[in-house]
Amino acid sequence: MNRLTSLFEQKKEGVLNVYFTAGHPSLESTVPIIRSLAEHGADIIEIGMPYSDPMADGETIQKSSAVALKNGMGLEVLFGQIAEARQHVEIPLIVMGYYNQLIQYGIEDFVKKAAEVGIDGMIIPDLPMAIYRDDHKELFEKYDVCHSFLITPQTSEERILMADALSSGFVYMVSQSSITGKTGDISEEQIAYFERVNGMALKNPRLIGFGIHDKETKERAFHYANGAIIGSAFIRAVGNEEQTLEENIDQFFNRINA
Amino acid sequence: MKYQVNETGFYGQFGGSFIPEMLHSNIDTLQKQYLSIMAEDSFQKEFRKLLKDYVGRPSPLYYAAKLSKELNTNVYLKREDLNHTGAHKINNTIGQILLAQRLGKTRIIAETGAGQHGVATATVCALMGLECVVYMGSTDIKRQAPNVARMRMLGARVEPALSGSQTLKDATNEAIRDWINNPVDTHYIIGSVVGPHPYPDLVARFQSVISEEMKWQLKEQTGSENPDYIVACVGGGSNAAGAFYHYLEDEAVKLVLVEAAGLGIDTGESAATSVLGSMGIIHGSRTLLMQTEDGQIVEPYSISAGLDYPGIGPLHAHLIKSERAQVFSATDEEAIKAAFHLTREEGIIPALETAHAFAILDQIGAKPDESMVVCLSGRGDKDLSTYIAHLDGEIVDS
Ligand SMILES: Cc1ncc(COP(=O)(O)O)c(C=O)c1O
């Protein structure tokens with residue numbers, strides 16, 4: 001069974017998904033980061049496939065992606081690293097990237113390879129729902145790989161239902177109208193949006209991401225959805241060159257759990 | 001209509017709308033409303049009046065006697081350089097600012113390469129009293145300084161794009177990110193026939209006034225609406241789209257695009273997308289772009305900021321793949337030479353972008369009884385420092 005699906009069968013609250021950019025801070029950090037995140041109790045790990053032009057990402061992820069590409073990260077390297085990490089961790093691993101990366105690799109080849117190396121789900125923010133539905137959904141189902149669509153405060157009720165119908169694993173709730181990496185508090189307006197979506201009784205669990213960066217925002221996400229996704233805050237933590245990777249990750253978890 | 005966009009936003013296999021959900025609401029509104037807003041009587045009246053009284057249209061169609069003699073054919077220049085602000089870009093910004101007003105938007109963002117689109121956007125924002133932020137790559141801020149100064153004087157905020165090669169592609173990324181952050185009050189005035197549907201069609205329609213005028217001007221001057229060739233430089237492709245628009249379905253008129261070869265197509269420092277590119281997605285559109293095997297977008301290079309872009313509008317990708325349009329390319333050096341030649345022969349200093357189109361006219365093979373219209377997309381004031389730097393060089397001695 002798909003590990004994402006079974007995770008959400010057992011755990012309905014406080015699910016923590018941590019995102020990092022593969023190849024940052026160094027080419028070889030992928031496996032150690034995955035193992036450490038699993039040991040520290042992350043429920044899901046979202047592996048960012050670095051892209052030259054990440055349209056929806058703020059400065060932190062842009063910079064980590066540029067570093068990763070400079071370090072030589074590419075899809076073949078990454079698949080190899082994920083296969084290796086898979087021998088050590090059992091939690092769901094998902095990849096996040098841009099549609100052009102899949103197109104150039106070949107969509108079926110990509111999904112097949114992902115399944116082979118132990119990837120459970122994908123997030124491709126610029127893949128339109130209609131194209132997924134008409135051209136790719138069967139393929140993802142054939143290889144038992146989940147796909148999560150994004151919803152935002154601007155997404156209409158009709159589209160939220162469509163995103164839910166087409167998603168598997170979870171629905172990705174973008175917390176605010178913004179690119180990744182914001183560090184403000186959660187506003188009343190955001191809470192109204194979380195509650196509005198709560199009231200819709202979607203079939204999929206919901207994880208809240210974008211701007212989740214500390215204990216307080218994480219707890220808010222836990223309260224208003226099934227879990228939280230932390231990305232930029234983790235990347236900033238592992239980017240600290242004064243300390244070892246392990247120290248950075250320890251410190252990150254102390255900060256969001258303390 | 002073989003070459004028009006279809007209902008789902010595609011030109012053949014190119015185009016569409018590949019955007020993150022954060023942009024969906026704005027793009028969806030545009031898709032649903034752009035045609036009906038543009039068709040409104042009051043919109044058309046206001047648009048036409050501004051093009052006439054403010055921009056100075058129609059732009060002249062000028063028979064270039066000396067160039068014609070030299071090339072042994074008939075060369076007409078469509079003088080978009082004479083528009084207010086100095087390029088074709090303002091045809092589109094006038095249209096889009098009227099659209100933005102009707103959508104209730106109060107804040108305008110734009111990307112710019114050469115700065116011509118930035119100036120044209122800052123101009124219409126000053127005219128309509130709207131806040132304006134223009135994203136521009138740091139490399140371009142340096143090489144197009146006069147336009148940066150003009151934008152500031154017009155009251156726009158110029159924000160440097162610091163990622164990638166710090167050129168047009170990166171400025172476009174920043175503008176898209178700004179729009180994600182400001183989905184309610186902001187309209188993004190994109191500057192070329194690129195981006196997600198409906199932008200390529202929207203911009204082409206606003207620029208189509210170029211070929212609309214060409215038809216009656218040619219008829220007046222030659223007795224026939226049709227030239228044998230239409231030639232235009234292509235960055236994203238908006239001046240070319242405008243110059244081609246009303247001739248797209250008439251295959252007797254041959255369409256010629258000129259790309260920037262940079263230091264040369266095979267040097268690794270080029271922006272010749274049709275040769276170096278393959279199908280992929282850039283800025284929300286499926287089109288030809290320069291990319292690696294892994295789908296990473298390659299940093300382009302051209303001396304001309306407006307052509308220094310790794311993609312091409314989906315309409316042009318379709319015209320090229322279906323062999324409706326023919327593509328040539330010109331290097332930096334050839335473009336500069338052509339700029340000096342046009343200046344010394346006809347007394348017109350063209351923009352560096354435009355100069356690329358003039359560099360290949362002798363390769364087209366137009367016959368003595370044939371005619372061509374070259375879209376003179378912009379004037380060269382912004383490029384004077386580049387031109388002056390070459391004044392003493394030997395490449396001028398032609
Ligand atoms: C004078 C001029 N011509 C051409 C271009 C290229 O753009 P497009 O291909 O959209 O016409 C620019 C862009 O900055 C320009 O300023």
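The values are calculated or read from the model by the stated rules, or taken from the named source; none is laboratory data. Everything numeric here is computed off the predicted structure, so don't read it as measured data. Methodologically, a virtual Cβ is constructed for each residue, glycine included, from the backbone with ideal geometry; neighbour enumeration extends over all protein chains shown. These area figures cover heavy atoms from the full protein model, side chains too; ligands, DNA and RNA do not enter into them. Shrake-Rupley method; radii C 1.70, N 1.55, O 1.52, S 1.80 Å.
Here are the numbers for this structure:
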| quantity | calculated |
| --- | --- |
| Most mobile of A:Gly184, A:Gly211, A:Gly121 in a GNM of chain A (Cα contacts under 10 Å) | A:Gly184 |
| Charge tally in the Cβ shell below 9 Å around A:Ile212, where Lys, Arg are +1 and Asp, Glu are -1, A:Ile212 excluded | +1 |
| Gaussian network model of chain B, springs between alpha carbon atoms under 10 Å - residue of B:Leu276, B:Leu162, B:Leu307 with greatest fluctuation | B:Leu162 |
| Given B:Lys254/B:Lys337; B:Lys32/B:Lys321; B:Lys215/B:Lys254; A:Lys70/B:Lys169, the pairs whose alpha carbons are separated by over 22 Å | B:Lys254/B:Lys337; B:Lys32/B:Lys321 |
| 1.4 Å probe, heavy atoms, protein only - residues of region B:157-192 losing at least 30 Å² accessible area vs chain alone | B:Asn173, B:Arg177, B:Ile180, B:Asn181, B:Pro183 |
| Loop sites in region A:1-110: trypsin sites (Lys or Arg not before Pro), DSSP, at most 16 other Cβ within 10 Å | A:Lys11, A:Lys12 |
| Lysine pair number, Cα distance threshold 29 Å (strictly under), region B:58-140, separation 8 or more or different chains | 5 |
| Heavy-atom accessible area, 1.4 Å probe, ligands and nucleic acids excluded: residues of region B:273-289 down by at least 50 Å² from chain alone | B:Ile281 |
| GNM result for chain B, Cα springs below 10 Å: residue of B:Ser165, B:Ser302, B:Ser322 fluctuating most strongly | B:Ser322 |
| Residues of chain B: accessible area per residue with a 1.4 Å probe, Å² | 34 |
| At least 30 Å² accessible surface lost relative to isolated chain, residues of region A:136-169 (1.4 Å probe) | A:Leu150, A:Thr152, A:Gln154, A:Arg159 |
| Burial order of peptide ranges A:153-160, B:97-104, A:165-172 (average beta-carbon count within 10 Å, highest first) | A:165-172, B:97-104, A:153-160 |
| Cysteines without a disulfide-compatible neighbour (Cβ-Cβ under 4.7 Å), chain B | B:Cys233, B:Cys375 |
| Dipole of region A:15-257 [Lys/Arg +1, Asp/Glu -1 at C-beta], most positive-end residue of A:Asn17, A:Leu93, A:Asn226 | A:Asn226 |
| For the protein assembly as shown: span of alpha carbons on each principal axis (Å, largest first) | 81, 52, 46 |
| Sorted peptide list for A:100-109, B:111-120, B:284-293, criterion being average Cβ within 10 angstrom, highest first | B:111-120, B:284-293, A:100-109 |
| Computed over region A:15-257: relative contact order in percent, which uses C-alpha pairs under 8 Å that are six or more apart | 20 |
| Portion, in percent, of the accessible area of the protein assembly as shown that falls on carbon or sulfur, probe 1.4 Å | 49 |
| For chain A, accessible area per residue (1.4 Å probe, heavy atoms of protein chains only), Å² | 39 |
| Positive-end extreme of charge dipole, the protein assembly as shown - chosen from B:Leu384, B:Leu307, B:Asn91 (charges on Cβ) | B:Asn91 |
| Inter-centroid distance (Cα atoms) of region A:224-241 relative to region B:161-212, Å | 31 |
| Integer Hz, Karplus 6.51/-1.76/1.60 couplings in order for region B:30-47, x for Gly and Pro | 4, 4, 6, 10, 4, 5, 6, 5, 5, 7, 4, 4, 5, 5, 4, 4, 5, 4 |
| Over region B:1-98 - Rg/Rh using Cα atoms and the Kirkwood inverse-distance radius | 1.11 |
| Lysines with Cα under 20 Å of A:Lys203, excluding same-chain neighbours fewer than 8 positions away | A:Lys11, A:Lys12, A:Lys137 |
| 222 nm mean residue ellipticity, helices alone, for chain B (DSSP H n ≥ 4; -39,500 (n - 2.57); rounded to 500) | -12000 deg cm²/dmol |
| Protein heavy-atom accessible area occluded, A/B pair - total, 1.4 Å probe, Å² | 2600 |
| Given charges at Cβ of Lys, Arg, Asp, Glu: region A:15-257 dipole, positive-most of A:Ala38, A:Gln251, A:Ser52 | A:Ser52 |
